[in-house]
Each structure stands twice: as C-alpha cells, then as structure tokens.
1. Please find, within the range 103-121, the residue that is farthest from Ser138 (Cα to Cα) out of those that are part of a strand (DSSP E or B) and open to solvent by 60 Å² or more (accessible area, probe 1.4 Å).
2. Could you figure out which of (1) assigned to a strand (DSSP E or B); (2) closer than 30 Å to Gln80 by Cβ isn't true of Arg125?
3. Hey, among the residues in the range 39-94 that are part of a helix (DSSP H, G or I), within 18 Å of the chain's Cα centre (by Cα) and aliphatic (A, V, I, L, M), which one's modelled with the lowest pLDDT?
4. If Ala119 passes every condition in (1) out of contact with any helix residue (DSSP H, G or I) (no Cβ under 9 Å at 6 or more places or on another chain); (2) under 30 Å from Ser17 (Cβ atoms); (3) touching a residue at least 12 places away in the same chain (Cβ under 8 Å); (4) not β-branched (Val, Ile, Thr) but one, which one does it miss?
5. Out of curiosity, is Phe100 within 23 Å of the chain's Cα centre (by Cα) and surrounded by 13 or more Cβ atoms within 10 Å (Cβ to Cβ)?
6. Can Lys16 be described as at positive phi, in a loop (DSSP other than H, G, I, E, B) and out of contact with any helix residue (DSSP H, G or I) (no Cβ under 7 Å at 6 or more places or on another chain)?
Amino acid sequence: MAIPATVIEDAIANTKSEEERKRSLPAQLVVSLVIAMSLWSKDSMRDVLKNLIDGLSEAWIKVGKYWRVPCKSAITQARQRLGARVFGRPSSRPGTVAAFPKVRLVVLIEAGTHIIFDALMCPYRIGERVRALKLLRSVKSGMLLMWDRGLHSYAMVSSTVSQGCDY
C-alpha cells in the first residue's frame, strides 16, 4: 500500500478508535479496507477484503493461518465501530445527520497519460482552492499547468509562476 501502516495506526490512535479487545477485523485492517474499496469499486466488500488480505504482508497485519473472510454484517459493524473519523459528514437540514461521511479529493494529473502526480484528501468542509494551492508542491519548471474553473486566483497564478511553470 502507498500509505504506511504507522500512519494508519496514528490516525486510529488520534481519533480514539482503538479496540478494547482482539477482533478478527482490527481497526487497522478496516481502515485499509475502506481505502481499498476505491481501488476495487466494482467488487463486493468481501471480495475487496480478500484482495486486501492477499496483498498484505504478514508482518503488517496478523490475520493468522485459519483466518476466514467475515460475513457482510461483520464487515459493516467493523466499519461502523470506526465512525466517520476525520472527514465528518456534510451539513444537512437542522436536526438531521447526513447518511454518509464525505471526503474532498483534489488531484494533480498529467493531461496526456492521466498519471496522478499528487493528490490530497481532506474533510469536505475544506475548499478545493486551499488544497489546489498545496498541490503546487509537485509541479516543476517547464511544466504547463491547467486548472479547473473556480481555481483561478492571484495566489494560484503567483505560486505557479514562482515554481517556474507556465499556466
């Protein structure tokens, strides 16, 4: 995985989502499952979990020799135990809670090959303009930078020019 295990462990500790007892679906594995669901979005949660377990090293997570893929409801309960964590839920009518947490993803992509140069995930309440500026850390002199409408600002232009990019 591109996300080190220590980062996931720190996030679990910071959000106070640690388990009180040993489970067949530890929080670390459930967080990885939620991330992996975006990679295998057409597969069921159980299939994504199987793919994830096959790809993880034994040192990263201890699943044991006789570990079996849990049923759907066990996976759902494990996800609910973690909660919405850092991303939170979007605002809705007063007195109600939105059904799902929401994340904002801002990506710097090469136009021809669609290779992802850099990406940031943040709570939905943080605007994409703020995050787009941070993505400029990955541009280099000689690049041509195009951005979506709504991202054009003096700060974006001056940061782009200071990096030696054309826009």
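The values are calculated or read from the model by the stated rules, or taken from the named source; none is laboratory data. Owing to the predicted nature of the structure, the values given are computational and were not obtained by experimental measurement. Note that we place each Cβ from the backbone using ideal geometry, even for glycine, and neighbour counts take in every protein chain shown. Only protein heavy atoms, including side chains, enter the accessible area calculation; ligands, DNA and RNA are left aside. Shrake-Rupley method; radii C 1.70, N 1.55, O 1.52, S 1.80 Å.
1. Per the criteria, the residue is Val103.
2. Every listed condition holds for Arg125 apart from (1).
3. Per the criteria, the residue is Val86.
4. (1)
5. No; evaluated as a whole, the condition is false for this residue.
6. yes
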